[in-house]
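Reading through the structure tokens given below for one structure.
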Number of protein chains: 6
Amino acid sequence: MTTNFTHFNNEGNAIMVDVNDKDITDRIAIAKGSIKVNEDVFYAIKNNTAKKGDVLAVARIAGIMAAKKTSDIIPLCHPLFITKATVDFELDETNFLINAIVQTKVSGKTGVEMEALHAVSVALLTIYDMCKALDRSMEILNIHLVHKEGGKSGIYDRKA
Amino acid sequence: MTTNFTHFNNEGNAIMVDVNDKDITDRIAIAKGSIKVNEDVFYAIKNNTAKKGDVLAVARIAGIMAAKKTSDIIPLCHPLFITKATVDFELDETNFLINAIVQTKVSGKTGVEMEALHAVSVALLTIYDMCKALDRSMEILNIHLVHKEGGKSGIYDRKA
Amino acid sequence: MTTNFTHFNNEGNAIMVDVNDKDITDRIAIAKGSIKVNEDVFYAIKNNTAKKGDVLAVARIAGIMAAKKTSDIIPLCHPLFITKATVDFELDETNFLINAIVQTKVSGKTGVEMEALHAVSVALLTIYDMCKALDRSMEILNIHLVHKEGGKSGIYDRKA
Amino acid sequence: MTTNFTHFNNEGNAIMVDVNDKDITDRIAIAKGSIKVNEDVFYAIKNNTAKKGDVLAVARIAGIMAAKKTSDIIPLCHPLFITKATVDFELDETNFLINAIVQTKVSGKTGVEMEALHAVSVALLTIYDMCKALDRSMEILNIHLVHKEGGKSGIYDRKA
Amino acid sequence: MTTNFTHFNNEGNAIMVDVNDKDITDRIAIAKGSIKVNEDVFYAIKNNTAKKGDVLAVARIAGIMAAKKTSDIIPLCHPLFITKATVDFELDETNFLINAIVQTKVSGKTGVEMEALHAVSVALLTIYDMCKALDRSMEILNIHLVHKEGGKSGIYDRKA
Amino acid sequence: MTTNFTHFNNEGNAIMVDVNDKDITDRIAIAKGSIKVNEDVFYAIKNNTAKKGDVLAVARIAGIMAAKKTSDIIPLCHPLFITKATVDFELDETNFLINAIVQTKVSGKTGVEMEALHAVSVALLTIYDMCKALDRSMEILNIHLVHKEGGKSGIYDRKA
């Protein structure tokens, strides 16, 4: 039985869900993810932040642009004209992790969590791309939704 | 000092690296990643595989199409006309993980690992999108390069 | 005289028509089209529907994604954030035809018939692509608007 | 059994076919299709050809640009850097048909028939878009491959 | 200090500005720019305007399509569904200049000046592309905003 | 007469020129352009270069990404897989000009001057976008080809 999936109709065919009758409300999503790098890559990134050679500045732009292209890339996502996108990074020196945190907003009929998750994923892939000549064993991990609000389903906060 | 990054020049400015003088060789990349789902989502996906309502069939198409768009999304990636892209899934019933494995190929001047990694990430995000009405706490993890061959740097195999 | 074309101004220059003052109303379009295949292709498609190797499942995703890209492809089409897109198929065993039927919806200032027609056309081209190694003489035919509602021009139903 | 489809592997999963080992050869495709219009639309188009208000000039540009985007739109199509695209029109005054004929060329590992067919389809949809305020009952028909050459499968000519 | 840039936050990180709480108002922008050509190119363009071989008709379509893609190309631009785009040309025979004038409109939360400026720039680049076999020394110049209205900042008119 | 335009055929119809029989050679293009800003904007940009809030770092990424999308935006441009793209800036303190200089490379059948010119134009538009809240009267000027080599037409150097 496939009826528990909203993205399939009763015959089991993939659909772009009908959101036409939903209310236009303010919707926010926050997503987060990390890339695990080795010590050399970590300090190469850290020491150039806010300077020339700033890997994170490039990854930030990539993430923001990706947020705008989400419905081009994720087949059943609705097109949305997002009203805000920010990409922040945290450097976790204990674990040699770079964390990306994305916030997206829209005033629309459907949520922006895919936009936030997509932007996280592209920001992290961009870090991989720019550092891969130094180390190919980097790993992207822990991409998840942190928070969501707006729309009928209300507020979601991921448990710690 | 930024000279250890290939994607910045000596002044620390981001560049698309000059690959013009590299040889055209056959290049292959394999990347892998997972999405951790809950038990309900796991069996909803598993029981509809190869049937109507097949989440993985949609995610596979998304991944293949994403492989072709990598240079649109990752800022400093070279455009490539890839000659092969496959997306496979494994269902890990012990850990409720869906694993995506992507292989890409090109006969070109630069490698296809970003194409494989991007396709993995988009295939997993598509699973998230299609199942998010059932569970928002899913997590994407372990996106990494498994294997790479072709070009001057030779064969790379990730250590187990 | 060119003034009977809405997409040219009085000097005969192509324009994107000004729809700024139109009302936002719910708009629906249904379009349909067919691909004529030979007997072998017909049964190859039919026997794999809702199984592994499902050509129509791929064509459906292609059609839905194409609906979202209509304004990128059709020069004078307005960008729209469609709220629904469905692609259905009928198998006409008498004539070896695969029929694609697309429904699109928007709450906006202009109609979604081009989105529906574009999705039909791309769904059928995808079937062609996937079956062309079996038969190159397939033909796409009868792409037309079936129904349209919303906006000042009201309801349109194609005569049988 | 799905093995007769080249776009599915042995397990029935959709793939972008591996063309890496194919020879780079000159490949040409010609495709054709028509749009059936009413008498008013036919003469509105005909009388403005090669003048201000030229619907076919816009449709031609749309077709050429679409040829370049084929692999973005058709899921399993390989990216190609086509070396030529032309879009011609014939006005069939007896049947009130506008015929679009597209020729595409590439020097590559796989053929350009999807590029030609996609360009035909977009050129005809553009005519529909520009004339739909005059008549919504127009119909797109007879989209087919006329000729193909290059590559292992040799020359294909559609029987009259 | 970077706080005078709206496109950076207090830490100096690039952001897509939050426009979620702005009012939806009618917004218009007019932008203009020129390409300086030599005498031969000027008359080749002028003598074919409104005829076969009309360079400006192609440039017009390019400009309109570019207006729709602005947020894909300009990193921190908000996606917008513009409601109007027109591209006009003036031929300045004294100075051998082709002037492009673009008007864009939206009913939205943020302005359309980047859409107008982007369309001007692409229309002029298209003229360059189509004439470059005749003369490579053409120069694009004087791209600027002429007029803007709508939104909190009110009406802007460039001083002569 | 339109035969002096390479982008029209003998009947005056726009075409993507056939480059199939051209040799694959190394091709380079350098293009340049400027944006004239006021004193406040000039120093706001200058003082944040190579720091947080670096407008030019964002414009550089925009330019590189635009180089890759040239054939999507310029209607009759051939798709190319460029092998290099760099975007540099000069700050002309005497005239309050920011100059953008782009170099592109390809090993292909046709040149990369449109890619270089397009990247210049998008880098400058991005500066405009990021500074427009400070000053709307900025002007983009002097976009031109500086140098070109490779292919049958040989070396071109713009006269000073």
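Things worth noting here:
- Taken over the range F:74-102, the criterion of being in contact (Cβ under 8 Å) with a residue 60 or more places away in the chain, closer than 21 Å to F:D54 by Cβ and surrounded by 22 or more Cβ atoms within 10 Å (Cβ to Cβ) is satisfied by F:I98, F:A100, F:V102.
- The set of residues in the range D:107-123 being in contact with a strand residue (DSSP E or B) (Cβ under 7 Å, 6 or more places away or on another chain) and at pLDDT below 95 consists of D:S107, D:G108, D:G111.
- Filter result for B:I35 (at pLDDT 90 or above, among the β-branched types (V, I, T) and within 15 Å of B:Y128 (Cα to Cα)): yes
Condition check ((1) under 28 Å from C:H144 (Cα atoms); (2) modelled with pLDDT of 90 or more) across all residues:
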position: D:M1; (1), (2): no, no
position: D:M16; (1), (2): no, yes
position: D:D26; (1), (2): no, yes
position: D:F42; (1), (2): yes, yes
position: D:A50; (1), (2): yes, no
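- Scan of the range C:52-68 for residues that are more than 7 Å from chain D (Cβ to nearest Cβ) and of a type outside the set (A, V, I, L, M), ordered by number: C:D54, C:R60, C:G63, C:K68
- Any hit, the range D:101-109, residues being within 10 Å of chain C (Cβ to nearest Cβ), among the charged types (D, E, K, R) and under 19 Å from F:A14 (Cβ atoms): no
- Among residues that are farther than 16 Å from A:S121 by Cα and free of Cβ contacts under 8 Å to residues at least 40 places away in the same chain, B:G53 is included.
- Only one of A:K152, A:K109, A:K105 that is more than 21 Å from A:K46 (Cα to Cα), buried (at least 21 other Cβ atoms within 10 Å of the Cβ), out of contact with any Pro (no Cβ under 7 Å at 6 or more places or on another chain) and touching a residue at least 12 places away in the same chain (Cβ under 8 Å): A:K105
- Top-ranked residue in the range B:23-48 [being in a helix (DSSP H, G or I) and in contact with a Cys (Cβ under 8 Å, 6 or more places away or on another chain); ranked as nearest to F:G108 (Cα to Cα)]: B:I45
- Counting the residues of the range C:91-138 that are of a type in the set (K, R) and farther than 30 Å from C:K22 by Cα gives 2.
- Some residue of the range A:89-99 being among the hydrophobic types (A, V, I, L, M, F, W, C), within 12 Å of chain E (Cβ to nearest Cβ) and not in a loop (DSSP other than H, G, I, E, B): yes
- Inspection of the range E:124-139 finds no residue satisfying the criterion of being closer than 24 Å to E:H7 by Cβ and either out of contact with any strand residue (DSSP E or B) (no Cβ under 6 Å at 6 or more places or on another chain) or β-branched (V, I, T) (or both).
- Looking only at residues of the range D:113-141 that are within 29 Å of D:K84 (Cβ to Cβ) and polar (S, T, N, Q), we find that the one that is surrounded by the most Cβ atoms within 10 Å (Cβ to Cβ) is D:S121.
- Given (1) surrounded by fewer than 21 Cβ atoms within 10 Å (Cβ to Cβ); (2) over 29 Å from C:A133 (Cα atoms), number of the condition D:V41 does not satisfy: (1)
- Those residues of the range A:7-26 which are in contact with a strand residue (DSSP E or B) (Cβ under 8 Å, 6 or more places away or on another chain) and farther than 18 Å from C:A119 by Cβ, in sequence order: A:I24, A:T25, A:D26
Here's the yes/no breakdown for (1) in contact with a His (Cβ under 6 Å, 6 or more places away or on another chain); (2) of a type in the set (A, V, I, L, M); (3) closer than 30 Å to C:T25 by Cα:
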{"residue": "A:K22", "(1), (2), (3)": "no, no, yes"}
{"residue": "A:S34", "(1), (2), (3)": "no, no, no"}
{"residue": "A:V37", "(1), (2), (3)": "no, yes, no"}
{"residue": "A:N47", "(1), (2), (3)": "no, no, no"}
{"residue": "A:K51", "(1), (2), (3)": "no, no, no"}
{"residue": "A:G63", "(1), (2), (3)": "no, no, no"}
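- Some residue of the range F:17-28 being surrounded by fewer than 19 Cβ atoms within 10 Å (Cβ to Cβ), among the aliphatic types (A, V, I, L, M) and more than 13 Å from chain E (Cβ to nearest Cβ): yes
- Residues of the range C:120-130 that turn out to be closer than 16 Å to C:L97 by Cβ, at the interface with chain D (Cβ under 7 Å from one of its Cβ atoms) and not hydroxyl-bearing (S, T, Y), as a count: 1
- Some residue of the range D:133-149 being over 30 Å from C:G12 (Cβ atoms), in contact with an Asp or Glu (Cβ under 6 Å, 6 or more places away or on another chain), facing chain C (nearest Cβ under 7 Å) and in a helix (DSSP H, G or I): no
- Of everything in the range B:49-73 that is part of a loop (DSSP other than H, G, I, E, B) and more than 12 Å from the chain's Cα centre (by Cα), the residue that is surrounded by the most Cβ atoms within 10 Å (Cβ to Cβ) is B:G53.
- One residue from E:A85, E:A160 being in a loop (DSSP other than H, G, I, E, B) and either more than 10 Å from chain F (Cβ to nearest Cβ) or hydroxyl-bearing (S, T, Y) (or both): E:A160
- Flag set for B:E115, criterion: in a helix (DSSP H, G or I) and more than 29 Å from A:S153 (Cα to Cα).
- Among residues of the range E:103-112, those that are in a strand (DSSP E or B) and either touching a Leu at 6+ places or on another chain (Cβ under 8 Å) or farther than 11 Å from E:T70 by Cβ (or both), counted: 5
The values are calculated or read from the model by the stated rules, or taken from the named source; none is laboratory data. On a predicted model such as this, the values are computed, not experimentally measured, just so you know. So basically every Cβ, Gly included, is an ideal-geometry build from the backbone, and we count neighbours across all protein chains shown.
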